[in-house]
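Shown next, in structure tokens, is the structure this report addresses.
Bear in mind these aren't lab numbers, they're just calculated from the coordinates by the rules spelled out. Remember, predicted model here, so these are calculated numbers, not experimental data. For neighbour counting, all protein chains shown are included, and Cβ atoms are generated from backbone atoms with ideal geometry for every residue, glycine included.
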Amino acid sequence: MGPAGQELSPRRREILAAATTVLARQGNRGLTHRAVDREAGLPEGSSSAYYRSRDALLGALGDFVAERLGTDVAALGTRLASCPGDHERAVAEVSRLFSRWLEQPDLLAARLELTVIATRDPGLAERFTLWRDDLVEMVRGVMSDAGEDGGASAETLIAALDGVLLASLMLPTRRRHTFVSESVEQLLTGLGADRS
């Protein structure tokens, strides 16, 4: 979705997908209209015709990345809600989602870059806060259904899982899936161990 929930045109999606790759591989300083045009294989000036300023490009990119991750998280919430209290299923579903995300390292790296940029950009921070609040609410609901504390624990769990996912990007590709699966298991098992 684009601004105000409007569907993005194929060209805008193409530009934002290219911007995701540029941001992931070249960092914030490398994100320019020219670099995005090159990555997308478009004539110079194409991306600036859609996103006039760098701020406009960054804002749209923040929405684009948050939408892609948010859609996956909402689907995860639906799957988890169908099996309240099933610890093994929760571990398997979260691990499966993270494994899919690991197949898209540019998306994860771009999200990391955007998160850092958001610490200095209130507009971008607001976009990410809304997405994160939705994620925390979803996890809080799943935890509540399982009879666990859904308050601060939901935020702590999200932060820990986030850290695992981002830390995995520092590992050699061959070790990422095992690291993530084992870490998700440890975190969710530790959470479940609080039930007595």
Review point. Looking at LEU157, ALA56, ALA74, which one has the Cα that reaches farthest to the positive end of the dipole of the range 3-192 (charges on Cβ: Lys, Arg +1; Asp, Glu -1)?
Key: ALA56
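How about the range 1-62: which GluC sites (Glu not before Pro) there are in a DSSP loop, with at most 13 other Cβ atoms within 10 Å of their Cβ? Mind showing how you got there, number by number?
On the way: sites: GLU7, GLU14, GLU39, GLU44; in loops: GLU7, GLU44.
Sparse-neighbourhood loop GluC sites (Glu not before Pro): GLU7, GLU44.
Out of the range 30-89, which trypsin sites (Lys or Arg not before Pro) are coil in DSSP terms and have no more than 13 other C-beta atoms within 10 Å? Walk me through the numbers on the way to the answer.
Details: sites: ARG34, ARG38, ARG52, ARG54, ARG68, ARG79, ARG89; in loops: ARG52.
Passing both the DSSP loop test and the Cβ count: ARG52.
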Review point. Hey, how many Å between the Cα centroid of the range 27-46 and the Cα centroid of the range 163-181?
Key: 29
Review point. What length, rounded to one decimal in nm, is gained on full extension from ARG25 through to LEU166, with 0.36 nm per residue of separation minus their alpha-carbon distance?
Key: 49.3 nm
Review point. Kirkwood-based Rg over Rh for the range 3-192 (C-alpha set), two decimals?
Key: 1.00
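Using the per-residue mean of other Cβ atoms lying within 10 Å as a proxy for protection, in what order, highest first, do the peptides 118-128, 20-30 fall?
Values: 118-128: 15.1, 20-30: 17.5.
Averaged packing, sorted descending, gives the order 20-30, 118-128.
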Study note, to complete from the structure: With -39,500 (n - 2.57) per DSSP H segment of 4 or more residues and division by the full residue count of the chain, the 222 nm estimate, nearest 500 deg cm²/dmol, is -26000 deg cm²/dmol
